[in-house]
Amino acid sequence: MFQVPILKPMDLMVEASPRRIFANAHTYHINSISVNSDHETYLSADDLRINLWHLEITDRSFNIVDIKPANMEELTEVITAAEFHPHHCNVFVYSSSKGTIRLCDMRSSALCDRHSKFFEEPEDPSSRSFFSEIISSISDVKFSHSGRYMMTRDYLSVKVWDLNMENRPVETYQVHEYLRSKLCSLYENDCIFDKFECCWNGSDGAIMTGSYNNFFRMFDRNTRRDITLEASRESSKPRAILKPRKVCTGGKRKKDEINVDSLDFNKKILHTAWHPMENIIAVAATNNLYIFQDKIN
């Protein structure tokens, strides 16, 4: 006796499948991929090399930056991030673990071992400590949509640089300055090596980056106001309004504040993204993805 198959409704499953695989060009972990404004090429970067690929050619790439010394014992820095300029297809930047950013022009030579511009903020000798070099390492670099500025993220701050001024950033925003006194314990639990990303909003007027305790920070470049928000299960209910959070560093704690010693360093927001045209943000907190949008009346 045959049974008629019954169609059962199932949840929609979305699965990504690779269209092309670009292989065997990197010896170390890839930290950046950036598609060029010519929409034909892209770059991939690891600790020591940056390669240029054509989107249609999977088995061949050109090495455009190679900082690997002949003797690996002489290695003093690694590449931490790289990105193409949003409008000039010949220009890209890469950052280093020493807190510097190099801007390169592919028109000058095939191997960009000489940079066109070198961005570095002079260190204040009075604030130097054992952790200075670790916390100055740049974890992310992003051009503004206009292409005039770029933003870098180090462990404690976000800096905005004008491409025409190499000796210091034009803006510096403290992300979690209250952790400066905790660097010793953050070193012991390896959190000091966490790599936080940063992003611009569509008009370049605001920037966002992550922190610990599932907090993320937003800075308004025009008003110089900033806010700390939390991505949590409570705030993920539809139409729930995010309340600003404050961290208390000492003294009497107010009702809405959280003590710096109570922060959960296992909950961290390393990845954030801002919609290029709408006020919609995506925040990755451990294994959860939160999407928030501006208040709708």
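The values are calculated or read from the model by the stated rules, or taken from the named source; none is laboratory data. Fair warning: this is a prediction, and the values are worked out from it, not measured in the lab. Here the Cβ positions follow ideal geometry from the backbone for every residue, glycine too, while neighbour counts run over all protein chains shown. The protein model used for the area step is the full one, side chains on, heavy atoms only, and it has no ligands, DNA or RNA in it. Shrake-Rupley method; radii C 1.70, N 1.55, O 1.52, S 1.80 Å.
DSSP loop trypsin sites (Lys or Arg not before Pro) in the stretch 1-73 with at most 14 other Cβ atoms within 10 Å of their Cβ, which ones?
Arg19, Arg20, Arg60
Which is farthest toward the positive dipole end of the chain among Ser203, Cys248, Ser109, measuring Cα position about the Cα centre, with Cβ charges +1 (Lys, Arg) and -1 (Asp, Glu)?
About the Cα centre, the residue reaching furthest to the positive side is Cys248.
Please build a GNM for the chain, connecting alpha carbons under 10 Å apart, and tell me which residue among Asn164, Asn287, Asn51 fluctuates the most.
Result: Asn287 has the largest fluctuation of those listed.
Helix-only estimate, please: 222 nm mean residue ellipticity of the chain, summing -39500 (n - 2.57) across DSSP H runs of length 4 or more and dividing by its residues, to the nearest 500.
-1000 deg cm²/dmol
Viscosity 0.890 mPa s, temperature 25 °C: give me the Stokes-Einstein translational D for the stretch 24-120 in µm²/s, with Rh taken as the Kirkwood radius over C-alpha pairs.
181
Determine the per residue accessible area of the stretch 24-120 with all protein chains present and a 1.4 angstrom probe, expressed in square angstrom.
53
Considering only protein heavy atoms and a 1.4 Å probe, what is the carbon-and-sulfur percentage of the accessible area of the chain? Display every interim value, and only then the final one.
Numbers: 9380 of 18420 Å².
Percent of accessible area from carbon and sulfur atoms in the chain: 51.
Determine the relative contact order of the stretch 1-156: mean sequence separation of Cα pairs under 8 Å and six or more apart, normalised by residue count, in whole percent. It would help to have the intermediate numbers written out before the result.
Values: 285 pairs, mean separation 24.2, N = 156.
Computed over the stretch 1-156, the figure is 16 percent.
Return the subset of Lys195/Lys243; Lys195/Lys254; Lys182/Lys254; Lys243/Lys267 for which the Cα-Cα distance in this structure is over 28 Å, preserving the input order.
Lys195/Lys254
Given a 1.4 Å probe and heavy atoms of the protein chains only, how would you sort Phe215, Phe22, Phe62, largest accessible area at the top?
The ordering from most to least exposed comes out as Phe62, Phe22, Phe215.
Select one label from (1) 50; (2) 47; (3) 42: the one whose number is percent of Cα pairs over 29 Å apart as derived from the coordinates shown.
Label (3) holds the value from this structure.
Provide, for q = 0.09, 0.16 Å⁻¹, the log10 of I(q)/I(0) from a solvent-free Debye sum over equal Cα point scatterers in the stretch 154-297.
-0.29, -0.93
With a bin width of 5 angstrom, please list the P(r) values of the stretch 131-233 as percents of all Cα-Cα pairs, from the 0 bin to the one holding the largest distance.
Result, from short to long distances: 2, 12, 23, 24, 19, 12, 6, 2, 0 percent.
Which order do Met208, Met72 take when ranked by solvent-accessible area (1.4 Å probe, heavy atoms of all protein chains), largest first?
From most accessible down to least: Met72, Met208.
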